[in-house]
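Below is one structure; the comments refer to it alone.
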Amino acid sequence: MSSPTARRGCLSCGTPLRHTFVDLGMSPLCESYLSAEQLNQMERFYPLHVWVCEKCFLVQLEEFVSPEEIFTEYAYFSSYADSWVDHMRRYADAISDRLSLGKESFVVEVASNDGYLLQNFVKKGIPVLGIEPAANVAKVAVEKGVPTLVKFFGARTAEEVAQERRADLICGANVLAQVPDPNDFVRGLKILLQPRGVVTIEFPHLLKLMAENQFDTIYHEHFSYFSFLSAETLFAAQGLTLFDVEELPTHGGSLRIYARHSEDASRPVTERARALRQREVDAGLLRLETYAGFEEQVKETKRRLLEFLISAKRAGKRVAGYGAPGKGNTLLNYCGIRTDFVDFTVDRSPYKQGKFLPGTHIPIFAPDKLREAKPDYVLILPWNFKDEIVQQMADVRSWGGKFVVPIPAARVLD
Ligand SMILES: [Zn+2]
């Protein structure tokens with residue numbers, strides 16, 4: 001068990017943290033789904049208090065929970081979300097072309113999950129290595145033919161792998177936010193990268209999080225929330241330059257940054273990287289006042305969602321959830337929504353079915369339960385997949401059921 005001692009300085013630059021971004025109160029770990037037997041046991045709650053660094057403007061949590069506690073038995077199998085699997089297949093095609101990857105190349109993915117991305121390179125005959133700390137998830141990757149090292153990624157792991165071979169491409173999606181020591185992580189990228197190699201890292205974009213009120217993407221498993229500017233500072237400190245960036249629709253709006261060794265002049269900084277950087281400066285991301293208004297916006301979102309649920313229940317309507325993602329747990333715990341408002345939720349992952357959401361104890365069933373119970377409203381918790389879910393569950397409308405999204409503000413979909 002980790003001791004609840006708070007870190008005092010910024011994760012990236014070490015400056016003491018003195019400015020609150022948002023305080024979401026006490027919350028259990030988002031991915032610790034409960035079995036029926038665990039419902040009567042004590043549950044651990046941790047502060048979900050987010051700070052912004054006054055020097056490098058990295059938005060971050062205080063660390064109360066050790067990464068070992070969170071990630072060694074992780075329940076998230078990426079392959080259960082179709083649109084995400086497609087997204088990564090398209091990425092594999094595009095980057096293979098752009099970097100002319102072939103049988104002589106070497107691709108490493110950090111936090112490679114169940115191999116859903118690397119399997120695309122394997123099919124092209126490109127040598128790969130996945131690095132994934134959760135042994136149960138890594139095992140699934142190996143069964144798919146994706147060689148996987150069960151380790152946390154950082155400078156030490158990078159040195160070990162680099163002794164054999166350095167990478168032409170290192171990629172990572174939704175991992176940077178989750179590393180407890182981002183400097184060690186980026187140092188690892190520097191060590192493992194070939195002199196002319198490229199790193200691509202995807203993370204949810206702070207600018208979007210703020211503009212669209214996506215406070216539910218804040219949870220204990222995500223230690224930091226990057227803008228292009230704060231990422232640039234972090235990478236520069238380890239001798240890596242961001243030379244390109246793409247804006248992606250995934251996870252409510254993400255960035256895919258492209259990095260290279262600062263010494264590698266063969267890849268000039270692109271116009272779109274300069275333009276995005278300037279947009280962040282213009283949006284005020286280098287001024288503390290910009291961050292100070294976020295908390296009130298979050299409170300208003302809570303009031304709007306509760307207003308909707310209270311009036312639905314007063315009208316005798318039945319409400320169920322769709323999905324059991326980590327973000328749903330932040331939202332439900334912060335808003336105090338339990339089975340008094342949401343009867344149950346459903347999820348496609350068999351790993352979650354039969355379990356209960358942490359904190360709120362809402363039961364999780366297979367999607368067929370919706371067809372059986374025919375609720376009036378289906379609250380979509382992974383709102384970033386709402387189009388896909390509405391399509392998959394089109395028959396909800398056959399009994400007059402309606403879909404509802406909670407973010408950026410509670411809204412019934414037409
Ligand atoms: Zn800082």
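Among the residues of region 368-399, which ones are more than 30 Å from LYS299 (Cβ to Cβ), assigned to a loop (DSSP other than H, G, I, E, B) and modelled with pLDDT of 95 or more? Correct list: LYS374 only.
Quick check, is GLY115 free of Cβ contacts under 8 Å to residues at least 40 places away in the same chain, more than 19 Å from LEU189 (Cβ to Cβ) and buried (at least 20 other Cβ atoms within 10 Å of the Cβ)?
Numbers: free of Cβ contacts under 8 Å to residues at least 40 places away in the same chain: yes; more than 19 Å from LEU189 (Cβ to Cβ): yes; buried (at least 20 other Cβ atoms within 10 Å of the Cβ): yes.
Taking the combined requirement at face value, the residue satisfies it.
For region 230-251, filtering for residues that are surrounded by fewer than 21 Cβ atoms within 10 Å (Cβ to Cβ) and either in contact with a Leu (Cβ under 6 Å, 6 or more places away or on another chain) or of a type outside the set (Ser, Thr, Tyr) (or both) leaves 10. For ASP216, indicate whether it is surrounded by 21 or more Cβ atoms within 10 Å (Cβ to Cβ), under 23 Å from the mean Cα position of the chain (by Cα) and acidic (Asp, Glu). So ASP216 fits the description; yes. For region 330-354, the tally of residues that are crowded, with 22+ Cβ neighbours inside 10 Å and of a type in the set (Lys, Arg) stands at 1.
Whenever a residue of region 38-64 is under 19 Å from ALA237 (Cα atoms) and of a type in the set (A, V, I, L, M, F, W, C), its partners that are away from the ligand (no atom under 13 Å from the Cβ) and in a strand (DSSP E or B), lying with C-beta atoms within less than 7 angstrom and at least six residues away or across chains, give the pairs VAL59/VAL50. Each residue in region 240-264 was checked for being touching a residue at least 60 places away in the same chain (Cβ under 8 Å) and more than 19 Å from TRP84 (Cα to Cα), and 6 pass. Restricted to strands (runs of 3 or more DSSP E) entirely inside region 85-179, those with at least 1 residues that are closer than 30 Å to GLU62 by Cβ and of a type outside the set (Val, Ile, Thr) are 107-110, 167-173.
Results for (1) at pLDDT 90 or above; (2) over 23 Å from ASP181 (Cα atoms); (3) surrounded by fewer than 18 Cβ atoms within 10 Å (Cβ to Cβ); (4) touching a His at 6+ places or on another chain (Cβ under 9 Å), shown as yes or no for each residue.
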position: PRO4; (1), (2), (3), (4): no, no, yes, no
position: CYS10; (1), (2), (3), (4): yes, no, no, no
position: CYS13; (1), (2), (3), (4): yes, no, yes, no
position: PRO16; (1), (2), (3), (4): yes, no, yes, no
position: ASP23; (1), (2), (3), (4): yes, no, yes, yes
position: GLU37; (1), (2), (3), (4): yes, yes, yes, no
position: GLN41; (1), (2), (3), (4): yes, yes, yes, no
position: VAL50; (1), (2), (3), (4): yes, no, no, no
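If you go through region 203-253 and keep only what is closer than 20 Å to GLU296 by Cα, hydrophobic (A, V, I, L, M, F, W, C) and within 16 Å of the ligand (Cβ to nearest atom), you end up with just LEU206.
The values are calculated or read from the model by the stated rules, or taken from the named source; none is laboratory data. Since the model is a prediction, treat every value here as computed from it, not as a measurement. As a convention, Cβ positions derive from the backbone with ideal geometry for all residues, glycine included, and neighbour counts pool all protein chains shown.
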